[in-house]
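Everything on this sheet refers to the single structure shown next.
The values are calculated or read from the model by the stated rules, or taken from the named source; none is laboratory data. Everything quoted here is computed from the prediction, not taken from an experiment. Glycine gets a Cβ as well: all are built from the backbone with ideal geometry, and neighbour counts include every protein chain shown. SASA here: full protein model, heavy atoms, side chains in, ligands and nucleic acids out. Shrake-Rupley method; radii C 1.70, N 1.55, O 1.52, S 1.80 Å.
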Amino acid sequence: MKKRHFLIPLVLMSLNYSKLYSQEENGIPNNGLKHKISESEKLLMQNPGKNPFSTNPPSAPIRNIAEFEPSEAVLIAYKNGFGLPYSVIKDLANTAKVIVACSSSSQGTALSLLNSNGVNTANCSFLTTSLDSWWIRDYSGWFIADSSDKVAVVDFTYNRPRPNDDAVTALEASLLGIPMYATDLVTTGGNWMCDGYNYAVSTVLVSEDNTGMTQSQIEQEVQDYLGISNYMIRP
């Protein structure tokens, strides 16, 4: 079986800040954002619009690559902090490549922090991008094997009004030199699990995020872009 090379966006932990700060380099870890969407953000998401990167779906057959399969690198994010222990980053960098999504102005600080905490920075590189938050598991793309058995990535509309975060998948594709496909589905990577054999599951949040689509239309969208023929939506 051919080895697949793709990234695993790491689930990052939030810090408990109560105020939603402006989306600027303000020195506040993670811009003070919580993982849970704020009331002010909910108002902005009432009309999310279509994915600006929207494309036609890839040619079938398609296989959505499971997150537990062999990986070439791990993608994490730095936004005035990493949001996860340095011990975890250290372990990752000892065995794999670590790609840090980070603004150009923050890369020196991020690199210094990694070095001072014993991380093997020889295995670290940067994806230069502006960010709103460090929740990269939620806004980065889903990887697929296309009809030619080549790796590609699928973008979706992030269910948070965080435009810098939502634009990261296109930069991932460019960095890796792979095709990107983009669906209009509004969702989050944290509400998706797949087994690599055309089965996937999400909670009903995906239906709540796509009120203009029926469940059948949502199921068709994930089949067209991700090859998922058995999509389970659960409470």
Total formal charge among the other residues, if their Cβ is under 13 angstrom from that of VAL168, Lys/Arg +1 and Asp/Glu -1:
-2
State the extension gain, in nm to one decimal, for the chain segment bounded by ASN120 and GLN215, taking 0.36 nm per residue of separation less the distance between their alpha-carbons.
29.6 nm
How many nm is it between the label spots at THR128 and ALA66, if each spot is 7 Å from the Cα in line with the beta carbon?
3.8 nm
Taking only Cα atoms of the stretch 57-178, radius of gyration then Dmax in Å
15.0, 47
Hull-based mean projected area of the stretch 71-127, where the convex hull spans the alpha carbons, in square nanometres
3.4 nm²
Keeping all protein chains in place, calculate the accessible area per residue for the stretch 95-215 (probe 1.4 angstrom), answer in Å².
38 Å²
Stretched out fully, how many nm does the piece from ASP224 to LYS50 gain, at 0.36 nm a residue minus the Cα gap?
61.0 nm
In nm, give the distance between the simple-model label positions of TYR86 and LYS42, each being 7 Å from the Cα along the Cα-to-Cβ direction.
3.9 nm
In the structure shown, do any of LYS97/LYS150; LYS42/LYS79; LYS79/LYS150; LYS34/LYS79 have a Cα-Cα gap over 24 Å, and if so which?
LYS79/LYS150
Quick one: Cα convex hull volume of the stretch 99-146, Å³ per residue?
109 Å³
Kirkwood estimate for the stretch 130-235, i.e. one over the average of 1/r between Cα atoms, Å
14.1 Å
Heavy atoms only, probe 1.4 angstrom, no DNA, RNA or ligands counted: give me PHE126, PHE68, PHE82 ranked by accessible area, highest first.
PHE68, PHE126, PHE82
Considering the alpha-carbon set of the chain alone, what are its Rg and its Dmax in angstrom?
17.4, 51
Using a 1.4 angstrom probe on heavy atoms only, work out the carbon and sulfur share of the accessible area of the chain in %.
53 percent
